[in-house]
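Right, one structure below, let's go through it.
The values are calculated or read from the model by the stated rules, or taken from the named source; none is laboratory data. Since this is a predicted model, take the numbers as computed values, not measurements. So basically every Cβ, Gly included, is an ideal-geometry build from the backbone, and we count neighbours across all protein chains shown. We work out accessible area using only protein heavy atoms, side chains counted, and drop any ligands, DNA or RNA first. Shrake-Rupley method; radii C 1.70, N 1.55, O 1.52, S 1.80 Å.
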Amino acid sequence: MIELLSSSLPGLMFLSLVFALFSGAPVAIMLMGVSLVFGILALITGDMRLAQATLLPNRIFSGTIENAVLVAAPMFIFMGIIMEKTRIAEDLLVTLQRLMRVIPGGLALAVVLMGTILAAATGIIGASVVMLAMLAIPTMVERGYDKGLAAGTVASAGTLGILIPPSVMLVFMGDLLSISLGRLFVAALLPGLLLSALYVIYIVVRSWLQPGMAPKAPAPAPHERDGLWLETAKSVLAPLVMIIAVLGSILGGVATPTEASGVGVFAALLLGLLRGRLNMEVLRESMDGSVKQLGMLFFIFVGATAFSYIFRKVGGEHFIVETARALPFGDWGLLFAMMGMIFVMGFFFDWIEITLIMLPIFAPVVQLMDLGGHVEQAQMIYWFAILVSLNLQTSFLTPPFGFALFYLRGAASNHLTIRDIYRGIIPFVLLQLVLLGLTIAYPQIALWLPERMFQ
């Protein structure tokens, strides 16, 4: 009986995880509960010794709390909130809207450009969507934009920060997969910019084919053009300084991603001070918001660390690898099965849960995959990480639990119905899947730039 239970533990633990995820319980508590139950069972069956169980707190502390790489996460979050509170991002969006108002689809294009710049400067999602919604949606609706197009543009542009570095998600993925964060940042840069370009192309083509969807605004009066170029220079300069401070220091080899996060925070504080908008109240609110976000993130991280530790002790890695090898799909089929699983999970869970739970399970399988020379073995894990990142873009936009949809609905409830939002996000989800397919077919989209920079 004990032997039968011991051999069944990995499969039972995985199935318990799946059922618990759909129970509606807080993810962190659910992970800890499953870990506790199966940790006790592992002690009973002898799969784990008591001495090994006592090492779990040390693993959590040394693997999460003392992890130097993860220091970048709170710094990037703090940097993004500082930019929001000091209204640096708001200035840029207002200026872009003034510049592009006479172009068909110009307001939507301004939102996409703003989302791209904001992603490269901060990498924070919730604040970006809310800010873009509050500033852009009323103007777009007033100008006669199709509400679906307005909703889809804001939701998709606001979530570009999940892919374009410095992305908090990439920080966690780099640590979970034990790969170079700098190389991962560089690998994500081109796919992120290509996704932004697809959004731009879609908006331009649709505005050209259906002018009524995104009408031009009247030409500005002479007095409205006064000081525009000076304000443009000031508004663009601030985010540009942020991008150079963070990405420039990483790509130039001046700083590691962890060090660059500190440089970015210093730049954000300095810019806020120069604009005359940084005071003790703003600083207090920024620190308070950062601590709340970090508390949620790291609580889930602790639960995921406990789960992965117990799962390994009961033979979970061998179970996943052997199960994968037994499937009749082959390695290509297995890759598409994993992508399909992540896509479906994105309908119900946030990127945090999917990343922290599924990546440690999938990583051993990916490292053993052979795609017939399509991707070099040494590059496989980086390519897979970018595929997962592209896939997780959809998790913010797919109902019923797409977080960007909640943010958008809350910030623009006076202008948009939930039907407008769901209708509007469909083309953008399809564009995300198109880029995912292209990156699968042409791995150099993700691997070309890091190969050139890290020779």
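Mind ranking 176-184, 380-388 by how tightly packed they are, going by the mean number of other C-beta atoms within 10 angstrom, highest first?
Averaged packing, sorted descending, gives the order 380-388, 176-184.
Efficiency by 1/(1 + (r/R0)^6): what FRET value for ILE40 and VAL205, r their Cβ-Cβ distance, R0 = 41 Å, to the nearest 0.05?
Computed FRET efficiency for ILE40 and VAL205 comes out at 0.10.
Grab the Cα-Cα distance for MET280 and SER7, subtract it from 0.36 nm times how many residues apart they are, and report the gain in nm with one decimal.
Here the answer is 92.5 nm.
Sum -39500 (n - 2.57) across every DSSP H segment of at least 4 residues in the chain, then divide by the residue count to get the 222 nm mean residue ellipticity, nearest 500.
That comes out to -24000 deg cm²/dmol.
Compute the helix-to-body angle for 106-121: its Cα long axis versus the longest principal axis of the chain, expressed 0 to 90° and rounded to tens.
Value to nearest ten degrees: 50.
Convert each backbone phi in the stretch 49-56 into a coupling constant with the Karplus relation 6.51 cos²θ - 1.76 cosθ + 1.60 (shift: θ = phi - 60°), then list the ³J(HN,Hα) values in order as whole Hz, x for Gly and Pro.
Result, ordered by residue: 8, 4, 5, 5, 5, 6, 7, 4 Hz.
The chain: percent of C-alpha pairs farther apart than 44 Å?
Pairs farther apart than 44 Å: 14 percent.
Below 8 Å, C-alpha to C-alpha, sequence gap of six or more: please give me the relative contact order for the chain in percent.
Worked out over the chain, it gives 25 percent.
So, for the stretch 1-454, what is the accessible surface per residue at a probe of 1.4 Å, expressed in square angstrom?
Value for the stretch 1-454: 42 Å² per residue.
Given a 1.4 Å probe and heavy atoms of the protein chains only, how would you sort LEU334, LEU209, largest accessible area at the top?
Result, largest first: LEU209, LEU334.
Please work out the Cα center distance from the stretch 330-393 to the stretch 262-316, rounded to the nearest Å.
Each part's Cα centre sits 26 Å from the other's.
On full extension of the chain, what length is gained from LEU438 through PHE454, given 0.36 nm per residue of separation minus the C-alpha to C-alpha distance?
Gain in length upon complete extension: 3.4 nm.
Please compute the modelled spin-label separation between GLN377 and PHE347, points set 7 Å along Cα→Cβ, answer in nm with one decimal.
It is 3.8 nm.
Using alpha carbons only, how many degrees (0 to 90, rounded to 10) separate the axis of helix 257-274 from the longest principal axis of the chain?
Taking Cα atoms only, the helix is inclined about 30 degrees.
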